[in-house]
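For reference, the structure is listed below as structure tokens.
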Amino acid sequence: MAERRRPALLFFDSDGTLISNSTRKVPRSTVEAIKKTSALGNIVVVNTGRPYYHIDAEVISIGFDGFICACGMYIRYHDTVIRDCRLSKDFCVNIRDYGLKLGVEMSFESHDAWFYDGNGRMRQWHNRERENLKKTRCKIYDRLDVPEFRFDKFFFMKHDANIQGLTAFASGIQGYFQLTDRGIFYECVPKGFSKAEAIGVLSRTIRKDDYETYAFGDSQNDLEMLKHVDYPVLMGEAPEDMRLYGFYVTKGLEEDGLFWAMKKYGLA
């Protein structure tokens, strides 16, 4: 067990790091470890691609000090909202219409809602995400033409049958969005925002930028966060390409991987 000389700021991805992708449950050992490190005076923060109202109630109930959501577009520390950035409705509509014109299948996340095409080709993925959002406060729309439409970030799906449309769309939006390849889709976050950048904003705002920093993640959109901190931890289920960076790799989440990683570093 490592002995730390400074208090710590801990940043946790949500899906696959805190809550199981398969069972949609938070392991008891994870809750125990987070509560113990918090009692030791460390600061615990969820740092997720999900917008705030898309976070599972079981995760929120653990008792985190802060939330970085939508890849840095929303930052909250206790009851204080540090950042809440929104894209204009006109811009959102223009992006949606541009993608539809090119035959691109998209889904959109706003602070409190999720929009997708219920008649699209990714029904299986959409159905799974609907189930994932049942224990959240997120509103769900299975159409993209509703008056409430607006987004913070979005995804577009890969389809071999529409390479030309996908290529044109990606080229057309790359001046405005950072694209992250997530396997079956690309995640699109407005440029200037990231999980890593938000760590700096939060740390400076609460005047804890001299704290040791730890990050725990499992997927491609955690990469910059993991690179940014003093001690990066990769969950055991992470894809092989994430293991090339030399991060410490713990066991899988359901094998109490988060608990054992925190134990290793003297955090719990």
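Test each condition in (1) touching a helix residue (DSSP H, G or I) at 6+ places or on another chain (Cβ under 6 Å); (2) of a type in the set (A, V, I, L, M); (3) within 21 Å of Glu237 (Cβ to Cβ) for Ile34 and report the one that comes out false.
Going through (1) touching a helix residue (DSSP H, G or I) at 6+ places or on another chain (Cβ under 6 Å); (2) of a type in the set (A, V, I, L, M); (3) within 21 Å of Glu237 (Cβ to Cβ) one by one, Ile34 breaks only (1).
Mind checking which residues of region 190-206 are among the hydroxyl-bearing types (Ser, Thr, Tyr) and either in a helix (DSSP H, G or I) or without any contact (Cβ under 8 Å) to a residue 60 or more places away in the chain (or both)? Write out each step before concluding.
Taking region 190-206 first, the residues among the hydroxyl-bearing types (Ser, Thr, Tyr) are 194, 203, 205.
Listed by number, the residues that qualify are Ser203, Thr205.
Would you say Ala196 is crowded, with 17+ Cβ neighbours inside 10 Å, aliphatic (A, V, I, L, M) and either at pLDDT 95 or above or within 30 Å of Ser61 (Cβ to Cβ) (or both)?
On the way: crowded, with 17+ Cβ neighbours inside 10 Å: yes; aliphatic (A, V, I, L, M): yes; either at pLDDT 95 or above or within 30 Å of Ser61 (Cβ to Cβ) (or both): yes.
Answer is yes for this residue.
Go through region 213-224 and give me each residue that's buried (at least 18 other Cβ atoms within 10 Å of the Cβ) and either at pLDDT 95 or above or in a helix (DSSP H, G or I) (or both). It would help to see each step written out before you state the result.
Initially, region 213-224 is screened for residues buried (at least 18 other Cβ atoms within 10 Å of the Cβ), giving 213-219, 221-224.
Scanning region 213-224 gives Thr213, Tyr214, Ala215, Phe216, Gly217, Asp218, Asn221, Asp222, Leu223, Glu224.
Of Asn47, Asn42, which residue is touching a Pro at 6+ places or on another chain (Cβ under 7 Å), in contact (Cβ under 8 Å) with a residue 12 or more places away in the chain and buried (at least 16 other Cβ atoms within 10 Å of the Cβ)?
Working: Asn47 fails: touching a Pro at 6+ places or on another chain (Cβ under 7 Å).
Exactly one of Asn47, Asn42 is touching a Pro at 6+ places or on another chain (Cβ under 7 Å), in contact (Cβ under 8 Å) with a residue 12 or more places away in the chain and buried (at least 16 other Cβ atoms within 10 Å of the Cβ), namely Asn42.
With the checklist (1) at pLDDT 95 or above; (2) surrounded by 17 or more Cβ atoms within 10 Å (Cβ to Cβ) in hand, flag the one item Met122 doesn't pass.
Of the numbered conditions (1) at pLDDT 95 or above; (2) surrounded by 17 or more Cβ atoms within 10 Å (Cβ to Cβ), the odd one out for Met122 is (1).
Quick check: anything in region 226-234 at pLDDT below 95 and aliphatic (A, V, I, L, M)? Reasoning before the result, please.
Initially, region 226-234 is screened for residues at pLDDT below 95, giving none.
So far as region 226-234 goes, no, none of its residues is at pLDDT below 95 and aliphatic (A, V, I, L, M).
Picking from Ile82, Ile55, Ile75, Ile68, which residue would you name as being of a type in the set (Val, Ile, Thr) and more than 16 Å from Ser194 (Cα to Cα)? First the steps, then the outcome.
Working: Ile82 fails: more than 16 Å from Ser194 (Cα to Cα); Ile75 fails: more than 16 Å from Ser194 (Cα to Cα); Ile68 fails: more than 16 Å from Ser194 (Cα to Cα).
Going through Ile82, Ile55, Ile75, Ile68 in turn, just one is of a type in the set (Val, Ile, Thr) and more than 16 Å from Ser194 (Cα to Cα): Ile55.
Residues to consider are Ala70, Ala57; find the one that is in contact with a helix residue (DSSP H, G or I) (Cβ under 8 Å, 6 or more places away or on another chain) and buried (at least 19 other Cβ atoms within 10 Å of the Cβ).
On the way: Ala57 fails: buried (at least 19 other Cβ atoms within 10 Å of the Cβ).
Exactly one residue qualifies, and that residue is Ala70.
Within region 23-39, restricting attention to residues that are in a loop (DSSP other than H, G, I, E, B) and touching a residue at least 40 places away in the same chain (Cβ under 8 Å), which residue is nearest to the chain's Cα centre (by Cα)?
Arg24
The values are calculated or read from the model by the stated rules, or taken from the named source; none is laboratory data. On a predicted model such as this, the values are computed, not experimentally measured, just so you know. Note: ideal-geometry Cβ built from the backbone for every residue, glycine included; neighbour counts use all protein chains shown.
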